[in-house]
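The values are calculated or read from the model by the stated rules, or taken from the named source; none is laboratory data. What you see is a predicted model, and the numbers here were worked out from it, not measured in a lab. In this analysis, Cβ positions are derived from the backbone assuming ideal geometry, glycine residues included, and neighbour counts consider all displayed protein chains.
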Amino acid sequence: MKPPGERARQERPASSRSEGPKELHHMPAVIRDEVPKLTFSFLVYSDRPQERMVTINGKRMREGEEVMSGLRLEEITPEGAILSWKGQRFHKSVF
């Protein structure tokens, strides 16, 4: 039998929002106001990163690509995407 703390860590989902980057709407106003408008119109999530894609502002994107100058798509999650804007990481939900 495993100790309770170890069991709790294993049961927590890998994509837990509480441990990852903050949601964009929870970022400081100075960051929120600088980030360009992002419109998500399509998202495909897979356990295999090479099969993930999302459409942002009408452009089909894959992880690691630059959405626009200073804005990079780091990871596609089941709920949205993790992006970085001038070094500040945040999560943007599609729902």
Check your understanding: Just to be sure, is R89 in contact (Cβ under 8 Å) with a residue 12 or more places away in the chain and either in contact with a helix residue (DSSP H, G or I) (Cβ under 9 Å, 6 or more places away or on another chain) or part of a strand (DSSP E or B) (or both)?
Key -> yes
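Which of the residues belonging to region 63-76 are over 12 Å from the mean Cα position of the chain (by Cα) and either part of a loop (DSSP other than H, G, I, E, B) or in contact (Cβ under 8 Å) with a residue 60 or more places away in the chain (or both)? Even if it seems obvious, please write down each step before you answer.
From region 63-76, those over 12 Å from the mean Cα position of the chain (by Cα) are 65-71; that's our starting set.
Of everything in region 63-76, those that are over 12 Å from the mean Cα position of the chain (by Cα) and either part of a loop (DSSP other than H, G, I, E, B) or in contact (Cβ under 8 Å) with a residue 60 or more places away in the chain (or both) turn out to be E65, S69, G70.
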Review point. Do we have R7 as modelled with pLDDT under 90, within 30 Å of R62 (Cβ to Cβ) and out of contact with any Cys (no Cβ under 9 Å at 6 or more places or on another chain) here?
Key: no
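Within region 42-56, is even one residue assigned to a loop (DSSP other than H, G, I, E, B), under 13 Å from the mean Cα position of the chain (by Cα) and at pLDDT 95 or above? Step through it out loud before you land on a result.
Step one: filter region 42-56 for residues assigned to a loop (DSSP other than H, G, I, E, B), giving 45-48, 52.
Going one step further and asking which of them are under 13 Å from the mean Cα position of the chain (by Cα), we end up with 45, 52.
Restricting the remaining residues to those that are at pLDDT 95 or above gives 45, 52.
Yes, the conditions are met somewhere in region 42-56.
Is at least one residue of region 15-28 modelled with pLDDT of 55 or more and more than 15 Å from the chain's Cα centre (by Cα)? Full working, then the answer.
Initially, region 15-28 is screened for residues modelled with pLDDT of 55 or more, giving 19-28.
Subset that is more than 15 Å from the chain's Cα centre (by Cα): 28.
Yes, some residue in region 15-28 is modelled with pLDDT of 55 or more and more than 15 Å from the chain's Cα centre (by Cα).
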